[in-house]
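Student: Pasting a structure below so you can have a look.
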Amino acid sequence: RKTALSVLTRLADGSYVQDFFAAQLQRVCQDYGFDGWHGPDGFGPQSPIHIMGFDDDIFGQFVELGQSGLPDDILEPTNDNPAKMTRRRDWIWRHRRLEWITFYADRWAGFWQVIVDAMHGIGRKAMINSAWTRDPFEALYRYGIDYRKIAATGVDAIMVETAAGGILLGSNERDYHYDYLAMLMHIKACVPETKLIFLHNTKDVAED
């Protein structure tokens, strides 16, 4: 069974993982002399937001940030029961889709604001990956990443994963070169003042 830590969650004492992580990140950068942090896959975004994040903690944050009028069976703790989380997911995606997308966009922007502040506070830089090279609409709708909100945190750059060559080499799929070029242009149009770094190599997606 695969498990993954979401940096948007809270610890047992109610504190946020992002605050603990940012403090440790500062220590690592100072101890090892790193220039900053490049947030890789899983640090904005993770999996599509219509299939993840329906556990009691993330959902609890959603409710605490102003959601009301939810049915009792949706509010009932799931205790990580897959069937109950699936029922919660289906209800939210049918009835509170826009609110769920907005919640994730705000949470990811909040996470990156903490990271940017931590890095800039010690004279380092922070860079985020694009949302799997998705254009601004799909990045927001599918992954809860609003490039404009991310840019507003003061992030130093967005690494756009235009690794078409690596995909072609590793999987023999069709050539995504022009698709990714289009995505790159869409992202640039969305956040014209943000530095974009063009990730076009062979190792990134062929390393396995």
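Student: Could you please find all residues in segment 132-159 being touching a residue at least 60 places away in the same chain (Cβ under 8 Å) and either within 24 Å of PHE20 (Cα to Cα) or in contact with a His (Cβ under 7 Å, 6 or more places away or on another chain) (or both)?
Tutor: Within segment 132-159, the first condition is being touching a residue at least 60 places away in the same chain (Cβ under 8 Å), and the residues that meet it are 132, 139, 142-145, 150, 156, 159.
Listed by number, the residues that qualify are TYR143, GLY144, ILE145, ILE150, ASP156, MET159.
Student: Tell me which of these ASP57 doesn't satisfy, since it passes every other one: (1) in contact (Cβ under 8 Å) with a residue 40 or more places away in the chain; (2) over 24 Å from ALA12 (Cβ atoms); (3) among the acidic types (Asp, Glu).
Tutor: Here ASP57 meets the rest and fails (2).
Student: Taking helices (runs of 4 or more DSSP H) that do not extend beyond segment 4-105, which have at least 2 residues that are open to solvent by less than 60 Å² (accessible area, probe 1.4 Å) and under 30 Å from LYS125 (Cα atoms)?
Tutor: 17-32, 56-64
Student: Let me ask another. What helices (runs of 4 or more DSSP H) completely inside segment 119-208 contain at least 2 residues that are open to solvent by 20 Å² or more (accessible area, probe 1.4 Å), at pLDDT below 95 and farther than 23 Å from ILE101 by Cα? Outline the logic, then answer.
Tutor: Details: elements: 136-143, 147-152, 164-171, 177-190.
Counting at least 2 such residues, we get 164-171, 177-190.
The values are calculated or read from the model by the stated rules, or taken from the named source; none is laboratory data. Nothing here was measured: the structure is a model prediction, and the numbers come from that model. Heads up, the Cβs are rebuilt from the backbone with ideal geometry, glycines too, and the neighbour counts pull from every protein chain shown. These accessible areas exclude ligands, DNA and RNA; they are computed on the full protein's heavy atoms, side chains included. Shrake-Rupley method; radii C 1.70, N 1.55, O 1.52, S 1.80 Å.
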